[in-house]
Structures are given as structure tokens and as C-alpha cells.
Amino acid sequence: MAITEKMTKTTTPTHWEGDIPVRFVYTYGLAGETFFRAIKDKGTFLATRCDACDVTFLPPKIYCDRCFEELDKFVDVGTIGHVDTFTVTFKNMDGSDKAKPRILAMIRIDGTDGGIIHYLEGISIEEVALGLPVKAIFKPKGQRKGGIEDIIGFGPVE
Amino acid sequence: MKLEDCKLGGTHLKSSDFEKCKVLTTEWTPNLGYAWDNGVAIGRYLAELKEGKIIARICHECHRIMLPPRMFCELCFRPTDEWTYVEDTGVVNTFSIARVNWDASRRGPKEPPLIPAVIEIDGATKGMGILHMLGEIGPDDVKIGMKVRAVWKKPEDRTGAITDILYFKPVRAAASKKAAAGRKR
Amino acid sequence: MGMRKVAIVGAGITKFVRRAQETGKELSWQASKMALDSCGITLDDVDMVTLGTAPDAFDGVHMKGEYLADGAGAHRKPYMRHYVGGGTGVFSPIHGWMHVASGMADICLVVAEEKMSSCHPHPQGAFLTIFDHTTEQPLKPTLIWIFALEMNRYMQTYGISKADIARVSVKNKHNALDHPSAQVAEEITVEDVLASETLCWPVNRLDISPASDGAAAVVLASERVARRLTDKPIWIDGVGMSIDSAYWATRDLSYPRYVETAARMAYDMAGIKEPAKEIHIAEPYDPFDYKELHHMEGLMLCPRGEAARLTAEGYTARDGNLPICPSGGALGVGNPIAATGLMKVIEIFLQLRGEAGKRQVPGKPTCGLAQAWGDLMQMGTVIVLRS
Amino acid sequence: MVKRVAIVGIGTTGFRPITPDVSYRELIFEAARKAYTDAGIEPSEVDGFIAAAEDFIEGYSICDEYCPDQIGAVLKPTHTIAGDFIQALAAGYMMIMTGAFKTVTVESHSKASNIKNVDEVLGFAFDPVYNRPLRETPHAIAGLEMTRYMFETCTSSEQCAKVVVKNKGNAMRNPYAAFGADISEKDVMNSEPISLPLHRLDIAPHADGAVVAVLADGDTALALTDAPIWIEGLGWCTDTPTLEMRDWGEAAYARIAAEMAYKMAGIADPVGMIDFAEICDEYSFKELQHMEALKLCRPGEAAHLLESGATSFTGRLPINVSGGALGVGHLFEASGAHKILELVEQLRGHAGARQIPDVNIGLAQVWRGVPTATGAVAILSNM
């Protein structure tokens, strides 16, 4: 069936190597611009809220994805939240081992339906638990460029 | 509804907005590497190119001699039947004089233009063309319908790739007759 | 044959711009929200969503249909992304038609998006890898080559000059002056086109549509729902698509037979026997100026090799016998690939409703067509609309 | 009006970790040729064609270009669904239900072995602004989901490991499967940690292979075959792509897709009516999470059902008798294709050593993998 001449020796198969040589520059969009400017300049998180659907979006959206109304008011929701879930990651993207495992967590920011996915800092694997309150740790203001890397991670709330 | 009456989205940024960092941006260069299996047909095609030969595949149902070779006939939807060598000469079906590189950068004033062409290879079914480059010819002299011949890399430099043919160059009638006579299958 | 009738009842579009600040999600939302508002419905009324967008290598996100979902109104809805390269935008309402004509949905939101500016330094770079990875990519081809090769063959076959072809660009950029979304509308002359930078002879810079960011959306409805939503439904009477072999260098490059095959399918469905007479207005895909001519011939709107002459005679102008690309097309409005195709469908929708403003063609057209083309010069998509 | 749509032919290459002896074209041609032979139809007689594929899995910028030749679709109405095979199946179903197409071919394949680094490609699907700069692997997102799922349902990692044991064991009976093995849950727990609680063996390894199916409207189906496999229900759904806005414990996309499919198929009591199911187990816990979303058990019950043996090959609701993705291999866009293949073979009674006796209704469910929240469900019957 199918093709009538097939390879029958392990030395026959060959392959061709190549890549997709592209590079990208992404804008943050209307919502992202406001969100990351607030992190950079004020060290806080801004969310948008849809009163009709009773949803507070973090990261903010300029639209409510449920009713599609425009959301143009940003509210400061602070930087405290709770560990919604976490994982301990051992691998880099290229498949190599990390120098040391890291705790990646989804932080549900208080007063929102969303949050931030980032690392836990100053919390050991033994201490981490779902529901643990945590607070964002930012880079010093002068080092912040406006990006998710302006956040070092989330640490314990005193 | 009239578009004229609507407030349309889409905020235009100038390139200087990026250069002067008026908007926040982030960059990414993905590492998208592949090693595609050549399979039977292309595997043999590349192996023959390394030997300085162009090989095609025949379908006995539609009697096409197909290039690049394929193990099934996409029109008859059955396996193709046999291999055959075709010439390394052909006819220019169409061409372009390219002053632009693959990434849209421009070729410098001293760089000669690239001349990509579709070349219908002699010995394959009429119309069976492949993409390749023309060389040893000025942009003003290229004509649709002109006869061309492959210029191969030196045998020791060939790797089994389409680039084992450096380019196709024009052939004069006399030279082509002589070459055809001396050619071994 | 008892097929469910499907109408376009609403439309939305963004401006087409070279670099948008909005993310692709935000552009999608802007167009979709406008489309819903235009027919007075909310996202709750939408049963299903289908999204068209061309390669992931533009926006720079793997599985970009998934990434765009929230902006396209897909939240917890049946949603899928269809894809036929550059033919996507006109295929989008065809895919939506399948959703509604099948009875699976009464209202389907159709969204098309492209954010090409993410790709650096130029979206052209993404096109290297549309060529066969083993037998063509090592030659470092650019997309423009393939157009130049086709244009040269077309010119040679029919004895058409570059000036004949340049008139398309002049016409479309002029038409686009009246389109609120337009990116590169301007008054230019044939001489301007011929004097513009030669990129890959015979293609000059002004023969080509620009790279763009933008989105468009339409709302499709079943007959019962459409009549409730609007007194001016525009019916999808014929759809067609066809893909030719991937071995593009084997094709007769002087004629797009895949467009003809697609057109025949759409005409059969719409009961059109003489397209040149029965079609009143058309938006064939014009990413390059010769492509409009090529496609007019493939669509059988004129005899082969005649499109350039008809253009020179003003036959295809907005006030001509058969207005072609009255929107301004990809050459004038811009070319965010999938969104462009849908922009063309929206133009026919507005023209047939008599709502095209300054772009309105005279003579109250009742039957129009939009067409797109894509992949390795092998995909034709055609939609026939009637008021 | 078209009333029903059936699968009248299906062909596959089977699934292997690597397939160096064939190009993707040759691979797909084999599956297509088998499907047309099975259906007793030539592609020239088929009205429409659909491929399910994603660019960066193929390694092309516009992979749609390369879809027609090897499925016989030259100069035919053809399109690509950038989605799972089951979504493409739904598109094919809709094409036929319009009345404009009598027969439609649906194709999907995986040449995942040709991707040098799959995690890089999948990581390229993350939101470029909010998530990608952390450079975490896709498995990290699955790890986050697993922790939350285990927390909400009081499920342990040992219980998740039992999914691996069952499915790799089932795969031993499946000649198509690439990753069958007799192992214990201890082997899973002791395998290398990737993104805890996920271990290496909790994650489905990828495989190559192709599946092609031919669909037909009711009249055409009955003219072509005595044993059409009917499409009774279809559902597909996309939840928010914004990771931060998700409900991490529940697979809402699967629940909503299943509700749609059950409604279409007229199934009020899935547990009573579904004879067997092939559901997404790309990660071990996903089988359990999806069982609950599909209402094949109550939330928190899946692990107990698994431990009771109810979902084993001889249980009352066999799940993933094929071996699932853990046993057969993860096939990207062809994931749903392998599941539909298994349903067709079982419903035809052609499943050999893994045949479940007396089956009439099967369910296939798929998830598009990290970082998506998209899934699809198909319900097929032989009646």
C-alpha cells in the first residue's frame, strides 16, 4: 500500500535542517501600556472592572471579554494576593536543568478575579501552601523598565 | 451603517515612537529549529544532486515525468513508478531581477542583482519547473524562453542540496549540442 | 436545494495602520464590538465564533488563534480558527456561512485579524519560510520574487506593459481616499509607480500593497434571525474555494486557474451564468497591482488578457461599467492580510446596502463579489453577495 | 435536508517516536490512501477537504500551502483548521450539513520529531508581554493546574501516576501505540521531576503519525458502506486565553464542549449511555480532571473510579483503552485524530486484542495543550 519503494537500510534516511529566522517586537497594547507604566512609575497594579459582569480584570483589558463592553477606568488594586496554585520548576526552556529549582506561582491579587504568574521569593518549598498571603517585590524604581521582569517575585506579607 | 460615522480603532505609531521608547515594547527571538525528514523522494533527489545529476520520478498513469521527484502522483493519487534522470539544462519560464534580499533589506549599489527564475528542466514533462538562480548573465540580457544549463559546485564541495547547483547560465546553441552529445546517463 | 439562507447583518473594522499600538486582541475586539453594535446585538446573542488570521509568524505567537480568542469574543464559546494563507479573509465569511447554513448556529461572529508589525525588521522575513524548506528555502527567496516571476510571465503571455498594470495602483490608491480605514491612499500617477524603487523587476514599490495592522469583523445570521435584525440583510448566495498543488513552479503562471475553479463553484451555487453581466461590483484581491487584473480574468469578469485594457478605458473605475475595488483595495486601504479580505467583503456589504458613503458606486448594485488569494499563489476564495 | 453525517473511511500510519524513513508528504499519503481504500472512494469524487495543522509545528510560515497534494485535494475546496482534528471534524460536519458537500476528507498528522525543541515552540504560544519573559516551559503551566486540581479534589500524585500505569499498560495491546510499557506508579513517582507535582512519566511524550478520515452525508454513507460510524454529537469550546483569569482547578472548556455534544446527541445521562471514552491524558492528571468535566463522574471522584478499576480495559467505563496520549504518544493537532481512530475501530469491532465487547457509543475528547483552554468533544455511534 501507499508508496512502492521504501527505505530498508538504517543508513539511508537523511534530513534537512533549517529554522524560521524571525524576531519580534511587541507593543503592550492600550491596557498593557497603562498597566506596566503603573508598575514602573508607582510600583502598583492597575485593574479594570466590569460592573455589569462583576469581574475585575488583572491583567487589565480594555474590554470585558464576557459582555464586550469597553472598560476605560483603571483601579489601583495594590500588590497583595494569595497563592492560588504553584509548581516547582526544574527545567529551562531549552530542556537543560535549572541551576536551582524555582517556585512558580499563580498569585490571585486580592480584590480581583485575576492576578500575576510569577516566582515566590523568600519562601521555601516546605512553607508554600495554597492560600498563603504574599506581596509583590519590585526591582528598585531606577531599574524598572516597564515589563513583567520589573517584578522580582512575590514574598511573605509581614 | 456608514464607516464615516463610526469611531474606528487602530492607533497608529510612528517608527520614532519605538526608537524614542514612547511606547513600551518587549522583544523575542524564538528558537524555531527543525530537522525535517527528507523521506524517499527528496532524499534521493538530494543524493543525486550531490553526484551532479537531476533525478525525476515517472507516473505511468498520467505519463508525467515529475520534478521535484515525488513518491506519489498528486493527480492520479497513486504511487509513482520509476526513477529517471533528466538533463541539467532547461528553458527559462519566467524570471525576476531582484534588488531585495529575503528579509526586505536592499542589495548594495555594488552588489549585482539576484536573478531568480522558474526553469523548465529538459527531460521532465513540459511545464515542470523548479525555482533556481541565473548567473553569468546581465540583467538586460535575460529573456523568457532562453536556454540555460546548470553550473555545479565542484564535486568535493557538494553536500546534497539544491545549492549544489550554483546557478543556471545561458547556453549557446552549438555548445549545448556538443554537451548533450557527450552527456552520460 | 433547500439550503439554509445566510445573511451578513453587521460589520466592523479598524483603521489599517503600519504599526498599531493595540495588541492583536485589542484590534480584534475593536472590530468585533463595532460589528455587534452595528446590528444591535450583544455577545450573548452570538452562538459561535470563527476567526481568520494568516501566519503566526506575523503576530509572533504560536497558535495565535488561541491567543486572540478573548478579543474575538470567543469566551467560553465554540470557536475555531480557519486558515488559507492570503485567501483567509474571504474564506472567513465562507467559514461562518458553514456554521450558519449547517444549522449549527443562528448567529456567527466572524473575525479577521493581522498584526504584521510585530515581525521585525520586516514582515517579509516571515515569508522566507513559506517556500519548501528543502528544495527552495536554501536559495533565500523572498515573497516578492514569486510575484515578480508571475507578473513577468503574465506580461509576456499577453503583451502587457508595466504602465498598463500601474493604472490599477493609481485607481485603487485614489479610491482609498474615501475609505476611513485607509493607510496609503493618495493621488499618484502611472509615472510615479514606474519611477518608484524597483524591488524585484518587474515589481516596483508602488506596485505593492503595504504591510499593515488591522482587524475586521462581520455578523452572519440565519434567514429568520437576519430578517428580525435588519431590513437590509445581504445574502451569501455563493461560496467557492479551491487550492492548487503546492508545486507552484509547475503551474501556468499566466492564469490563476484555482481562482476560476473557486469562482465556478460560487457561481454555480448562486445561479450565475454570465458573471461579467450579472456581477455589478467586485473586490478581487490586489496585494500587487497585476493581481487585480489576473484575478478579474480568473473570475471570468473579462476575457483572458483583457483586464488591463478595460482598466485603461475606465471600465473598472468607481463610476465605470464594472467597478473593481471601489474600497481602494489592499493597494490603497492597506493589507493586514486576513483583515483585508474581510474588508473587501464588508465593502460589498456596504455597497449593496447603499451605505458606502463617498465610495458608493452609481446604479444601485444588487450583486457583488469579493475574492482573495493566497498560499504559494495557489488558493482562491470567492463569495457572491446579493441584496 | 441532510440529517446525519458518518465516518465512512479512516486510515492511519500508526504512531512512532520518530519516522525518519518518510517525509511528511509520504507519511500523510499512506494514511490518505488507506482512508480512501477503506471508504471505497477516490479523492477525485470527494467534495471538500480539511487539514488540521499549526505553522510552527510544521516548521512553515504558511503550512496550508502544503496540505493538498498528499490528500488528493488539488484544485478542490480545501482549508486548514488551526486547531485539533476534532475541531476540523466539526468543520467537515458543518460543510456536509450545509447540503453543498456530500463527502469531506479530514486530515491531521504529527511530525513532532522534526521539531528540534518542542518546548521552545510551545513556549512561543505564551502571551508575549505577561508570561513569555519568565522563560518557563509549558509544563510549568500544567504543573500549576495539577497542584490546584489535586487540592480541589483531594487527589494525590500517586493517584495521578496510576493513570500512567493504566494507559501505558493499555498501549501494550495497541499495535499503533509507541509508548506502551508495564510500569508501576512507583516508577512514575521516581521519574525525574519536571515541574512538580509533574514527573517525566506524567507527561505524554510526542509521536509521529497521520490519520485521514472520510465523512459522508447519510445517503452517501449508506451507499458506500454497511457499517458507517455516525457522528452523533460535537462540541468545542475556548475558555479565556488569559492564564491569570483562569479557574485553575476545573477544565471548563471540556465541560462546556461536552454539554454541547451531549445536547446534540440527545444524551441526558452520559454515565449510562457512553460505553467507552478516549479522553485527553496529555498529562496524567488531565484524564481525571477531564472525566469530571465530562460528567463521567462527580468532581473529586475520578481517582476513586480509576482505583476501583472501573476505567480499566475490563471495567464498566473503559477510558483510553488505546493507551491514550501517555501510551500512544502526544500528536499535537492529530491528538483528536488518534482518538477518533480508536472510536471507529472499537465501534466497528476491529480493535483486535483491545476490543471492548458490545460497544455502541463512544466519546472522544481532546484538549489543545498548554497554554490553551480549548477543547473539543465528539460522540460517535455504530447504530
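Numbers for the structure displayed
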read-out: Selection from the stretch B:86-112 of residues that are away from chain C (no Cβ under 12 Å) and not in a loop (DSSP other than H, G, I, E, B); value: B:Val86, B:Thr89, B:Val91
read-out: Meets criteria (surrounded by fewer than 22 Cβ atoms within 10 Å (Cβ to Cβ) and under 26 Å from D:Ala73 (Cβ atoms)) for C:Met300; value: yes
read-out: Whichever residue in the stretch D:40-57 is touching a helix residue (DSSP H, G or I) at 6+ places or on another chain (Cβ under 6 Å) and of a type in the set (Gly, Ala, Ser) and, among such residues, is nearest to B:Ala35 (Cα to Cα); value: D:Ala53
read-out: Check on D:Ala181, touching a Leu at 6+ places or on another chain (Cβ under 6 Å) and among the small types (Gly, Ala, Ser); value: no
read-out: Among residues of the stretch A:1-13, those that are at the interface with chain D (Cβ under 8 Å from one of its Cβ atoms) and open to solvent by 50 Å² or more (accessible area, probe 1.4 Å), counted; value: 3
read-out: Out of C:Ala370, C:Ala330, C:Ala307, sole residue that is under 30 Å from D:Ile62 (Cα atoms) and either without any contact (Cβ under 8 Å) to a residue 60 or more places away in the chain or surrounded by fewer than 24 Cβ atoms within 10 Å (Cβ to Cβ) (or both); value: C:Ala307
read-out: Positions within the stretch B:20-52 being open to solvent by less than 10 Å² (accessible area, probe 1.4 Å) and within 18 Å of C:Gln21 (Cβ to Cβ), in sequence order; value: none
read-out: Test: residue in the stretch A:20-29 that is away from chain C (no Cβ under 13 Å) and on the phi < 0 side of the Ramachandran plot; value: no
read-out: Any hit, the stretch D:126-139, residues being within 30 Å of D:Arg4 (Cβ to Cβ), out of contact with any helix residue (DSSP H, G or I) (no Cβ under 6 Å at 6 or more places or on another chain) and in contact (Cβ under 8 Å) with a residue 24 or more places away in the chain; value: no
read-out: Out of C:Ala148, C:Ala163, sole residue that is in contact with a Cys (Cβ under 6 Å, 6 or more places away or on another chain) and hydrophobic (A, V, I, L, M, F, W, C); value: C:Ala148
read-out: Per-region count, the stretch D:177-200, residues open to solvent by 50 Å² or more (accessible area, probe 1.4 Å) and either in contact with a Lys or Arg (Cβ under 9 Å, 6 or more places away or on another chain) or assigned to a strand (DSSP E or B) (or both); value: 4
read-out: Residue under evaluation B:Arg64, criteria (1) within 10 Å of chain C (Cβ to nearest Cβ); (2) closer than 22 Å to B:Leu166 by Cα; (3) charged (D, E, K, R), criterion not met; value: (2)
read-out: Condition check for C:Gly341: more than 15 Å from C:Ala176 (Cβ to Cβ), within 14 Å of chain D (Cβ to nearest Cβ) and assigned to a helix (DSSP H, G or I); value: yes
read-out: Unique residue being within 20 Å of A:Leu104 (Cβ to Cβ), touching a Ser or Thr at 6+ places or on another chain (Cβ under 7 Å) and not in a loop (DSSP other than H, G, I, E, B) when the list is D:Leu122, D:Leu144; value: D:Leu144
read-out: Residue in the stretch A:28-43 that is among the β-branched types (Val, Ile, Thr) and either open to solvent by 10 Å² or more (accessible area, probe 1.4 Å) or under 30 Å from B:Gly39 (Cβ atoms) (or both) present; value: yes
read-out: Some residue of the stretch D:253-264 being part of a loop (DSSP other than H, G, I, E, B) and open to solvent by 10 Å² or more (accessible area, probe 1.4 Å); value: no
read-out: Test: residue in the stretch C:135-153 that is farther than 19 Å from C:Leu293 by Cβ and β-branched (Val, Ile, Thr); value: yes
read-out: Residues being facing another protein chain (nearest Cβ under 8 Å) and either open to solvent by 40 Å² or more (accessible area, probe 1.4 Å) or under 20 Å from the mean Cα position of the chain (by Cα) (or both) - total across the stretch D:33-42; value: 3
read-out: Cβ-Cβ under 9 Å pairs, at least 6 apart or on other chains, the stretch B:9-22 side more than 9 Å from every other protein chain (Cβ to nearest Cβ), far side open to solvent by less than 100 Å² (accessible area, probe 1.4 Å) and of a type in the set (A, V, I, L, M, F, W, C); value: B:Lys22/B:Leu13
read-out: Matching helices (runs of 4 or more DSSP H) fully within the stretch D:275-383 where at least 1 residues are surrounded by fewer than 21 Cβ atoms within 10 Å (Cβ to Cβ); value: D:302-308, D:335-348
read-out: Checklist (1) over 20 Å from the mean Cα position of the chain (by Cα); (2) modelled with pLDDT of 95 or more applied to C:Met3, failing item; value: (2)
read-out: Residues of the stretch B:77-93 that turn out to be without any contact (Cβ under 8 Å) to a residue 40 or more places away in the chain and either of a type in the set (Asp, Glu) or in contact with a helix residue (DSSP H, G or I) (Cβ under 9 Å, 6 or more places away or on another chain) (or both), as a count; value: 7
read-out: Top-ranked residue in the stretch A:83-106 [being more than 7 Å from every other protein chain (Cβ to nearest Cβ) and hydrophobic (A, V, I, L, M, F, W, C); ranked as most open to solvent (accessible area, probe 1.4 Å)]; value: A:Ala99
read-out: Which listed residue, of C:Ala249, C:Ala217, C:Ala263, is more than 16 Å from C:Phe91 (Cα to Cα) and open to solvent by less than 20 Å² (accessible area, probe 1.4 Å); value: C:Ala249
read-out: Residue list for the stretch C:180-196, restricted to those being without any contact (Cβ under 8 Å) to a residue 24 or more places away in the chain and of a type outside the set (D, E, K, R); value: C:Ile188, C:Thr189, C:Ala195, C:Ser196
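Residue-wise test of (1) facing chain C (nearest Cβ under 9 Å); (2) crowded, with 23+ Cβ neighbours inside 10 Å; (3) within 30 Å of D:Asp219 (Cβ to Cβ).
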| position | (1), (2), (3) |
| --- | --- |
| D:Pro68 | yes, yes, yes |
| D:Phe85 | no, yes, yes |
| D:Ala90 | yes, yes, yes |
| D:Met94 | yes, yes, yes |
| D:Gly99 | yes, no, yes |
| D:Val104 | no, yes, yes |
| D:Ser113 | no, no, no |
| D:Asn117 | no, no, no |
| D:Glu120 | no, no, no |
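The values are calculated or read from the model by the stated rules, or taken from the named source; none is laboratory data. If you're wondering where the values come from, they're calculated on a predicted model, not measured in any experiment. Glycine gets a Cβ as well: all are built from the backbone with ideal geometry, and neighbour counts include every protein chain shown. Heads up: the accessible areas ignore ligands, DNA and RNA and are worked out on the full protein's heavy atoms, side chains in. Shrake-Rupley method; radii C 1.70, N 1.55, O 1.52, S 1.80 Å.
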